[in-house]
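Please read the structure below before turning to the comments.
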Amino acid sequence: MEPPALTVSAAVREHLRKLCLHEFPCGTGSWNKSRFLPQTYRAWRELIPREEDAVGPGEETVDALLGLVCSPHSPWALLEGSSAEDRFLRELAIQNPLMLKDSFFYTYFRSLRVVDKQVSLVDKDLLKFVKLEELVLSANQIKEIDTTNLPPTLKVLELYGNKMTSMECLCTHPPPRLQHLGLGHNKLLGPLESLYVTSDYWPNLISLDLSFNDLTDLQGMVSGLQTLQRLRLLVLQGNPLALVPCYRGFIIDGLSGLCVLDDITVAPSEKHLFRGLSHSGDLLAHEARLVVTVGHVRGVLDSSVLDLEPGPQGPFITYSYYVTYEFVEDEEGEGDEYGRVLAEIVKPLPSTEQLGEDIPKEPIKEAEDSVGSGLASQSQSRELEESGASAPLPRPMDSAEEQAKLRPRLDPRLWPSPGTVLFSTVRKPWSDVIPCNYEMQHVLKDLVRLKAFLLSGTTVTIVEEKEQKGSKKKELRKDLRQDPPVLRVLGSGPVDLEPLLSGEPFVSTVCNFGVVRTLETDRLTLYRDSKKKKGEKAKNAALEARKSKTKLSAASVYESDYRPDPLTVEIQIQLIQGHSTEEALRMLVP
């Protein structure tokens, strides 16, 4: 059996009870009894407290009682953040407690704030507050409101963070004097919502906040808002309709009297730049365009220095590096024509902390198994390689049984979230700074799903791909030929994309995954590079110098100053928006 719905008036009564207006040091009792006349046979004038300087034994003065409720160190002090109304009522309950009757409360309150109290019902007792002008019911469980229970004196109504799916219930008998309506962070959706934002229901509305709902009909919304002649402040950010390229310009041109849009003042220059754009609503493309750019990767460990020297017949081991990120898959299933195969599961490289101080003559042997796992993408098209972009990594298997068997072996950081696709940069060889030079434009038509994705964010991952190849003259042995590339996740982390919903034009960040290189591996890399550059003679000279005290002293200085770069990758996600009518019109046509 479900518990009874909590009403607004019940929440108000509970709040007044917690103020303890009839308990010490408030109200009447032994602590102030001499200030009041006897309770029997009194005229109404006798209800006024006596103006006496002296108090009886065991009683407290008014100033002393006020100190108990006003001092922040008092056990009777109000909680931090209490409203001015609460403080006034506590003081009144000391100075003149006999005034605190129901009739007083119903005429005193001009503002009621019932926030995060699990209220689900606006009851008719609210009509008793005959002077109520502001009603804040945010962060509750309200799905619908019977507007006949709202006082007609209301000028401000806030319902942020509730569970309302439509404004229709508010339009049955709306408060005629309402000037501000706040419905942000609800579940409003559907094209019909534009029918409920007209002057037929809100003739005096000055401010309207519908932010962070699921509204998608930009053209219909502007048509309805055009009837609100007094509207000056509008907030629609966080809705899917705010993701289309010409969103801000379309609204500014359509609502000529608007002063503030999404908490940003509408400048006269903007009105000039977007002049005439609202007349092109029939060409409006209901899609969003975002550009993802991946810059440089730094701090990668060169794993090749830990491999054995290949024999004359191989196998030759090569390493490449790339970055993946999750993004919403569009309706056409972009990139489905590209396949991918499962990679071999291997253990991480052995800890380089156990390597000796001296550079070994042979690189340290890699362990046979590893914990990391993942997906390796097959060959990419020549055009993508030239542009630095690559195809998304589609879902791995057609067979549900095979997928279920393989999933426990996959590194979860290389498995896309439901409804998303993994996109990958082109594979690049190791270097101190690996330039990805990646740029991909994503065009999304399902704006509601895109909004959900932006709220959850994406995951960026740096992957190392290890491949074995035979010599140029001979093929790789049959027992090695079947081995797929081995993937190892070097670093993975989330990127917050919610600022794109809050009006930011782009999100640009450097993902920092910590240090993965060590002193020993960097010394191995330096030794290998010097060997390639200077030849065998330089190698012998370096080995001899390393044995000398001078070289050891220099090495100790190098160790003390050693500060390896952390593993990082630069990434930017930009929401494309037109900055003028001309620019927006180029993006309007689907």
Worksheet entry | FRET efficiency for Leu519 and His272, using Cβ-Cβ distance with R0 set to 56 Å, rounded to 0.05 | 0.40
Response to the item:
From most to least accessible, 1.4 Å probe, no ligand or DNA/RNA atoms counted, Leu277, Leu189 line up as Leu189, Leu277
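Order Asp200, Asp561, Asp209, Asp146 by their accessible area, 1.4 angstrom probe, all chains in place, largest first.
Asp200, Asp561, Asp146, Asp209
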Worksheet, complete the sentence: Here the net charge surrounding Val433, from other residues whose Cβ is less than 14 Å away from its Cβ (Lys, Arg +1; Asp, Glu -1), is -1
Practice prompt. With all protein chains present, calculate the accessible area of Arg87 using a 1.4 Å probe and round the result to the nearest 10 Å².
Written response: 110 Å²
Response to the item:
Place a point 7 Å from the Cα of Ser256 in the direction of its beta carbon; the residues of region 206-228 whose amide N falls under 16 Å from it are 223, 225-228
Fill in: Projected label distance in nm at Phe105 and His173, using a 7 Å step from Cα toward the beta-carbon
2.4 nm
Item to complete: Leaving ligands, DNA and RNA out of it, work out the accessible area of Met99 with a 1.4 Å probe and give it in Å² to the nearest 10.
Response: 80 Å²
Fill in: Fraction of beta bridges assigned by DSSP in region 169-322 that are antiparallel (%, nearest 5)
20 percent
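The values are calculated or read from the model by the stated rules, or taken from the named source; none is laboratory data. Because the structure is a prediction, the values reported are computed rather than measured. Counting neighbours? That spans all protein chains shown, and the Cβs are built from the backbone with ideal geometry, glycine included. Ligands, DNA and RNA are excluded from the accessible area calculation, which covers all protein heavy atoms including side chains. Shrake-Rupley method; radii C 1.70, N 1.55, O 1.52, S 1.80 Å.
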